[in-house]
Amino acid sequence: MTRSFLPLLAAVLLLPLSGCDETGPMLSIDEGVDVAIDDAILAREQGDYDSAVSLLTQALEAEPTNAVVRVELSTTLLQREGIDLFDIDRIAQYLSTAGSERVAQPAAARGAGTCAYAEDPTAVQFDPTEYEGFDELVVSIDVLEEVTSTLEGVLPAAVEDFALCGSVVDGELVYDQAGAILDLKAQGLTDEQAAQALAVGALARFIDAYVTVTEELADETSWYRLADGSIGICADDEEAARTKSESAIQDIGEAILSLDTRAAILGASATVAAEIVNTALEVYSELEQDITTYCEL
């Protein structure tokens with residue numbers, strides 16, 4: 001099915017975080033997995049993330065295919081790391097404004113001829129790794145990858161099978177949204193748990209991909225703020241950049257589908273946080289066009 005992209009992001013994106021610093025007693029799963037899940041959620045709400053992770057890790061060992069355990073463990077890992085969906089918002093805001101405060105230099109001053117954007121006298125070059133929280137995100141890469149691995153098999157195929165040359169057409173998302181929702185519910189997840197899984201999965205994939213693309217390709221790509229406010233990206237070696245970035249760009253696409261599916265589940269019509277997905281789609285489109293793959297119309 002084809003979904004209009006802009007109106008479908010839920011207004012409420014922030015994962016629930018607790019401000020409490022209480023630490024409860026060490027817990028076990030002796031009373032069963034369901035009780036362990038409840039105890040872990042309570043420990044997490046009290047700020048005792050280590051106990052919550054320990055409980056949920058034991059529960060996952062006892063029931064490796066339990067989708068609820070996987071969702072709660074993934075959520076707890078990110079909360080312990082201090083990562084939430086506002087991080088996507090902050091990255092989006094940075095990418096929406098980076099370079100806009102600088103003055104464009106004449107093309108000759110920055111090496112005209114390297115790419116079309118470098119030859120544009122109105123384009124302003126900027127560094128995507130100068131995002132204020134970038135170093136903290138780099139440190140969290142192992143956790144983000146653990147979250148993605150933990151959610152493997154939980155997130156629906158319609159989301160994980162994002163097609164670089166078919167899932168975004170003329171600014172709209174094309175995928176089986178209804179099928180994705182059914183897949184989540186078939187695993188015994190409530191609407192709230194399904195939305196939670198999609199939020200956590202989107203967060204882990206998007207940030208991991210952003211760090212991968214901007215850090216690993218830092219010496220091989222140049223980013224520009226164009227006169228119309230959009231982003232332009234040039235690769236010194238398009239083939240090498242494509243090889244390194246294709247998986248990461250697909251992850252960004254999967255994150256977009258996750259957020260879109262989450263919006264449908266929550267039934268939210270507000271577009272307060274639409275800039276998050278707008279910017280993600282813009283970055284995806286630029287990377288897909290400039291350094292990933294050339295799709296035939």
Across the stretch 190-221, the tally of residues that are within 21 Å of GLU132 (Cβ to Cβ) and among the polar types (S, T, N, Q) stands at 3
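Among the candidates LEU155, LEU137, which residue alone is over 27 Å from CYS234 (Cα atoms) and in contact with a helix residue (DSSP H, G or I) (Cβ under 7 Å, 6 or more places away or on another chain)?
Working: LEU137 fails: over 27 Å from CYS234 (Cα atoms).
Going through LEU155, LEU137 in turn, the sole match is LEU155.
Among the listed residues ALA98, ALA52, ALA92, ALA62, identify the single one that is crowded, with 17+ Cβ neighbours inside 10 Å, among the small types (Gly, Ala, Ser) and farther than 30 Å from SER230 by Cβ. Can you show your working first?
Working: ALA98 fails: farther than 30 Å from SER230 by Cβ; ALA92 fails: farther than 30 Å from SER230 by Cβ; ALA62 fails: crowded, with 17+ Cβ neighbours inside 10 Å.
Of ALA98, ALA52, ALA92, ALA62, the one residue that is crowded, with 17+ Cβ neighbours inside 10 Å, among the small types (Gly, Ala, Ser) and farther than 30 Å from SER230 by Cβ is ALA52.
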Residues in the stretch 105-131 that are surrounded by 13 or more Cβ atoms within 10 Å (Cβ to Cβ), assigned to a helix (DSSP H, G or I) and modelled with pLDDT under 75 total 2
Selection over the stretch 215-261 where residues are within 17 Å of ASP161 (Cβ to Cβ) and among the charged types (D, E, K, R) yields a count of 4
So, first residue in contact (Cβ under 8 Å) with a residue 60 or more places away in the chain and polar (S, T, N, Q) in the stretch 247-266, second residue part of a helix (DSSP H, G or I) and buried (at least 23 other Cβ atoms within 10 Å of the Cβ), Cβ within less than 7 Å, six or more apart or across chains; the pairs are SER258/VAL159; SER258/LEU198; SER258/GLY201; SER258/ALA202; THR261/VAL159; THR261/ALA180; THR261/LEU198
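The values are calculated or read from the model by the stated rules, or taken from the named source; none is laboratory data. None of these values were measured; they are calculated from a predicted model. Here Cβ is always computed from backbone atoms with ideal geometry, including for glycine, and neighbour counts include all displayed protein chains.
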